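> Structure incoming, see below.
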Amino acid sequence: MRLRFAPSPTGRLHVGNARTALFNWLLARGHGGTFILRIEDTDAERSTPASEAGILDDLRWLGLDWDEGPDIGGPHGPYRQSERLALYAAHADRLLATGQAYYCFCTAEELERDRARQLAHQLPTKYAGRCRQLLPDDAQRRRAAGEPAAIRFKVPHGREVVFDDRVRGRVAWHTDVIGDFVLVRSEGRPAYNFAVVVDDGLMGVTDVIRGEDHVSNTPRQLLLYEALGYVPPRFAHLALVMGPDHAPLSKRHGATSVGEFRARGYLPEALRNYLALVGWSPGHDDELLPVDELARRFSVDAVSKSAGVFDVAKLDWMNRTYMKQADPARLGALMTPHLRDAGYLTAPDEEGAAFLASLTPMVAGAVDRLEEAPARLRFLFVFDAAAALAREDVAAEFGHGDARGVVAALAEALETAGPLTDRDAYRALVARVKEASGQKGRALFHPIRVALTGETGGPELDLAAPAIDRGAALAPSSGLVPIRSCRHRARAFASALARG
Ligand code: GLU
């Protein structure tokens, strides 16, 4: 089984295309097949090397590897269409020689006039066939005289092209509605329908999974397979990925490219697992599955005919779940760029990285995406007692003496306590504050939280307080902005309260 993903490098990788790549990849990996990456860059104006590099990078990030491709080569290369022009020319010559293709000298103006006439008579718009009857000798003469010419395929009249789409079922097209289409443009560039058949034919592709926007191309491609004597692949056309309003997923629904989801802090395994479920189900109500299990179970024939809706809430849930399962060191590293953007660190050294990894239990399970990590961990890096007290919600906490008493007791207890390096140390301290202040429950914990973090909500205190003191012990070389100790915080808070 040989499958391929054939993106045009004209922008970033859209999640809909990423799903197409994933389905091809799952099928290949589940069947010991070969997965080919081919770059369809014949549109020289719109294709860019940066887009190609970005697509490769996003595919790698998603964990989709390929066996043949532009970067690694393979037995059927090159894998960039712009490097295969001689192959297209040779195939066009074959079709010209057998009379299955012909030169067309029609100018853009003539073609536009034909089109306008067909529209005016409510006829299907297709090539009117003016050059189909030209004698080959006449065509050669005009070409020799320098007249620009495209090459068109001579579509056989009066036939029906039928194929069994593995998703959509039987599809039939009458050739009479297909005009003689262009194979090679006058400036020498191959048209998509032609290049794709030459490539899939030469690369021995056995199965094509692609977007349903290509269904109407398939009859043209099948005619070309026949004309060139190549065995056509089996086709599966996927319904497009929709937004919640059932319109094709686009910018106005929010993020659409893999790069955007990546930047927001989705884990690759979460996005990959989620995309596998857009239009396909592994059965048994299973949703969270390791990728090799997805590959084992994936079946094109079980892909839904109706459009899949991209459900961000479900993706968020998956991401949360995968974050909880992720290795802390890895999660800490993935969190780093977000914390850097927030100004909380520069380049963490080993000690800094280990500290970040130790923070992940306060993040995983509490946020949907890693972009939310800085807000969750802000209390570590930003502490200003006076600014906190100036806030109404914080000030309201200290309208009565009990809360002030708790902070005073906290500050005093911390003067003699060692650093709160772990949960036990923190609990022992709280016991002392409880006894000294005579408060318990919310009346005890709320003032402690506010005094240590400057915030009225946040992670569990028995995680947060030790994190503060472990952070305060970091060397400046750790690459994080300085973190104030619990002792410093309680003292600052007590004196701000005394001033206020
Ligand atoms: N380059 C085409 C696209 O991105 C590929 C279509 C195909 O798979 O044949 O839509």
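The values are calculated or read from the model by the stated rules, or taken from the named source; none is laboratory data. Computed from a predicted structure; not experimentally measured. Using ideal geometry, Cβ is built from the backbone for each residue, glycine included, and neighbour counts are taken over all protein chains shown. The accessibility values were calculated without ligands, DNA or RNA, using every heavy atom of the protein model including side chains. Shrake-Rupley method; radii C 1.70, N 1.55, O 1.52, S 1.80 Å.
> Suppose the chain between Thr10 and Val312 were pulled fully straight at 0.36 nm per residue; how much longer would it get relative to their current alpha carbon spacing?
On the way: separation 302, 0.36 × 302 = 108.72 nm, distance 2.54 nm.
Length gained between Thr10 and Val312: 106.2 nm.
> How far, in nm, would the chain grow between Ala247 and Asp327 when pulled straight, counting 0.36 nm per residue and subtracting the alpha carbon separation? Don't jump to the answer; show the numbers that get you there.
Numbers: separation 80, 0.36 × 80 = 28.80 nm, distance 3.75 nm.
Contour length minus Cα-Cα distance gives 25.1 nm.
> Could you sort the peptides 381-392, 128-139, 25-36 by per-residue average Cβ neighbour count (10 Å cutoff), highest mean leading? Intermediate values should be presented prior to the final figure.
On the way: 381-392: 16.4, 128-139: 13.8, 25-36: 20.0.
Listed from highest to lowest mean packing, they are 25-36, 381-392, 128-139.
> Counting only heavy atoms of the protein chains, get the accessible area per residue of the chain (1.4 Å probe) and round it to a whole Å² value. Let's see the in-between values first.
Numbers: 22560 Å² over 500 residues.
Each residue of the chain exposes 45 Å² on average to a 1.4 Å probe.
> Using the per-residue mean of other Cβ atoms lying within 10 Å as a proxy for protection, in what order, highest first, do the peptides 42-55, 223-236 fall?
Taking the mean over residues of other Cβ atoms within 10 Å, the ranking is 223-236, 42-55.
> Using the Karplus equation 6.51 cos²θ - 1.76 cosθ + 1.60 (θ = phi - 60°), what ³J(HN,Hα) coupling, rounded to whole Hz, does each residue of the range 72-77 give in order, writing x for Gly and Pro?
Using θ = phi - 60°, the values come out as 10, x, x, x, 10, x Hz.
> If you take the square roots of the eigenvalues of the alpha-carbon gyration tensor of the range 319-386 and sort them as a ≥ b ≥ c, do you get rounded (a/c under 1.5), prolate (a/b over b/c) or oblate? Don't skip to the end; give the middle numbers.
Numbers: a/c = 1.87, a/b = 1.28, b/c = 1.45.
Oblate.
> Continuing with this model, one more query. So for the chain, averaging the separation of alpha carbon pairs under 8 Å that are six or more residues apart and normalising by length, what relative contact order in percent results? Intermediate results must be reported in sequence, preceding the final value.
Details: 760 pairs, mean separation 63.4, N = 500.
Across the chain, relative contact order equals 13 percent.
> How high is the relative contact order of the range 417-500, in percent, counting Cα pairs under 8 Å that sit 6 or more residues apart? All intermediate terms of the calculation are to be shown ahead of the outcome.
On the way: 62 pairs, mean separation 29.2, N = 84.
For the range 417-500, the relative contact order is 35 percent.
> Let me ask another. Any chance you could run the full-extension gain for Glu109 through Arg499? It's 0.36 nm times the residue separation minus the Cα-Cα distance, nm to one decimal.
Details: separation 390, 0.36 × 390 = 140.40 nm, distance 8.37 nm.
Extra length available between Glu109 and Arg499 comes to 132.0 nm.
> OK, next. Charges at C-beta only: +1 for Lys and Arg, -1 for Asp and Glu. How large is the resulting dipole of the chain about its Cα centre, in Debye rounded to 20?
Values: 62 positive and 65 negative charges, 109 e Å.
The calculated dipole for the chain is roughly 520 debye.
> Counting Lys and Arg as +1 and Asp and Glu as -1, what is the net charge of the other residues whose Cβ lies under 12 Å from the Cβ of Ala342?
On the way: positive: Arg340, Arg376, Arg378; negative: Asp341, Glu371, Glu372.
Net local charge, Ala342 excluded: 0.
> Here is a follow-up. Decide, for the chain, between rounded, prolate and oblate: order the square roots of the alpha carbon gyration tensor eigenvalues as a ≥ b ≥ c, take rounded if a/c falls under 1.5, and otherwise choose prolate if a/b is larger than b/c, else oblate. Could you put the intermediate results ahead of the total?
Values: a/c = 3.22, a/b = 3.09, b/c = 1.04.
Prolate.
> OK, next. Along the principal axes of its C-alpha atoms, what lengths does the range 86-154 span, in descending order and rounded to whole Å?
Answer, in whole Å and largest first: 38, 23, 21 Å.
> Per-residue counts of other Cβ atoms within 10 Å, averaged by peptide: what ranking do you get for 443-454, 184-195, highest first? Mind showing how you got there, number by number?
Values: 443-454: 22.5, 184-195: 18.8.
Going from most to least packed, we get 443-454, 184-195.
> Let me ask something else about it. At a 4.7 angstrom Cβ threshold, list every cysteine in the chain that has nobody to pair with, or say none.
So, Cys106, Cys486.
> Only bridges with both residues in the chain count here: give the DSSP antiparallel percent, nearest 5. Could you put the intermediate results ahead of the total?
On the way: 17 of 31 bridges.
Roughly 55 percent of the beta bridges in the chain run antiparallel, per DSSP.
> In square nanometres and to one decimal, what's the mean projected area of the convex hull around the Cα atoms of the range 38-93? Walk me through the numbers on the way to the answer.
Working: hull surface 17.5 nm².
Result: a mean projected hull area of 4.4 nm².
> Per residue, what volume in Å³ does the convex hull of the Cα atoms of the range 103-234 enclose? Spell out each step's value before the answer.
Numbers: hull volume 17.3 nm³, N = 132.
Per residue, the Cα convex hull of the range 103-234 comes to 131 Å³.
> With just the Cα atoms defining each centre, how far is the range 141-215 from the range 219-268? Give it in Å.
A separation of 19 Å, based on Cα centres.
> For the range 179-230, which whole percent of the accessible surface, found with a 1.4 angstrom probe, sits on carbon and sulfur atoms?
Numbers: 680 of 1430 Å².
Answer for the range 179-230: carbon and sulfur cover 48 percent of the accessible area.
> Tally Lys and Arg at +1 and Asp and Glu at -1 over the other residues with C-beta under 14 Å from the C-beta of Asp368: what net charge comes out? Spell out each step's value before the answer.
Values: positive: Arg264, Lys314, Arg320, Lys324, Arg369, Arg376; negative: Asp311, Asp316, Glu371, Glu372.
Charge balance in the 14 Å sphere: +2.
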